[in-house]
Amino acid sequence: MNLARTAPHFSGILLFFLFFSFSISQAQTDQCAPAGQFTGSLQVDLGVGCLPLKVKASSGLRDATNIRYVFDYQGGTVKESDLTRDPVFTYRKPGLFRILQYSEQAGRQLRACAIIQVYDTLQPEVVLTGCLTKVTLSIPKAAEYQYDWYSIDWGDGSQERLAGGAAPSVSHTYSTATQRVISVRGLHLYGNCGGTTRVAFRPDTQASAPVIDQVRAISANAIDLSIRNSNGNRFYIEQRVPGGAYVRTTTRPETTNPVIRVTADTTTAVCFRLVLADTCLQATPSAEVCYAPPKPPDPVPVADSTVFMPDAFSPNADGINDRFQLQGLLSGTARLTVYNRWGEVVFFTTDVLTGWDGKQKDQAVPPGSYSYLLDVEKPGGNRIQKRGAVLVMK
């Protein structure tokens, strides 16, 4: 800091300023440390508060001039660029801060300091444990917030103050099952400020467990459970392989109709059920719902490997075995000729898959045995003939 620039026309004062600056920088590294040597008068309108904290500094001396500030003085010498003449400053992070003030009075360099306490406004993490219409509220990380107390609005017109501590907790009972919004505000004693958390709670008058509506495989090791939880109760998911014991997972939130993904081997069967997390409700587990991996697809039939002609059929229009037709997958083309016992052709077709309906010229043939010739031409040009007999039944 070049103090000579503040009084260029007074050589005696200049020597004093130079000596003062030199002695400060050499004899001490912290200009706010030595007690009883502050000759100025620093006043701050708000020395304690929460983020963001806006302060306004001033001098208590009426005739003080050339007033400058360092609002976050860290110790050591002060450069000209560290100084500001603006008396208003906003702190945007929590902690203890020091304000260093320089001023002049009747040619004397004055100095004063003040400490500012800025509190954080962290929203307290709140854990609710419900049992019918009773809820227990706890703040497990209270030691991290350092609030002196917590103001609780239960959402039903009731308010309560909870002292701070390692892990404070308190219980409240509602008169009805209407959903409430609970507001928890952490407060610092000095400044009367802090952060607020709001969380919904639905009192329950029925101890009914949620149910699993659907299980659906997502990947080789993940299954989605579609759950119906009309009362919004907290619950566990339990799962097991068929014949094994149930294994419990972590607690699930109070959600009405969630879809929850669980880790499971989808190449084997696995079963699930839901159990209420609050044991005071004394509800039985939900019905078991199992997942079974899909069956592998049937093998694709190989052409000609299963081709055959039946040895009997009953063309009586009952919808069962009414036609004499080729069965199986055939490669190539085929012709079917049917003969009566005198060797006369009673039926001929190239549509062997549709086959014969047991009629000759739209008239039903008499029951009995008929011979046939199946003439097959393969894609390569080879011909295969199959002869046999078929029994026409009533």
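Rule-based calculations on the coordinates, nothing more; no lab input. Just so you know, these numbers come straight off a predicted model, no measurement behind them. Quick reminder, even Gly has a Cβ in these numbers, built from the backbone with ideal geometry, and neighbours come from all protein chains shown.
With N the number of residues in the stretch 312-392, Rg(Cα) / (2.2 N^0.38 Å) evaluates to 1.10.
The convex hull defined by the C-alpha atoms of the chain has an orientation-averaged projected area of 43.8 nm². Across the stretch 176-218, what fraction of all alpha-carbon pairs, as a whole percent, falls in each successive 5 Å bin from zero upward? Result returned by the calculation: 5, 15, 13, 12, 11, 12, 12, 8, 6, 3, 3, 0. Over the chain, DSSP H runs of length four or greater, each weighted -39,500 (n - 2.57), average out per residue to a 222 nm ellipticity of -1500 deg cm²/dmol.
In the stretch 127-201, the alpha-carbon atoms span a convex hull of 75 Å³ per residue. With bins 5 Å wide beginning at 0, the percent of Cα pairs of the stretch 72-188 falling in each bin runs 2, 9, 16, 14, 11, 8, 7, 7, 7, 6, 5, 4, 2, 1, 0, 0.
Taking 25 °C and 0.890 mPa s as the conditions, I'd like the Stokes-Einstein D for the stretch 221-277 in µm²/s, using the Kirkwood hydrodynamic radius from alpha carbon pairs. The Stokes-Einstein estimate is 207 µm²/s. Ranking of LEU137, LEU373 by neighbouring Cβ atoms within 10 Å, starting from the fewest: LEU373, LEU137.
So, in Å, what gap is there between the alpha-carbon centers of the stretch 176-223 and the stretch 352-394? Value for the Cα centre distance between the two parts: 75 Å.
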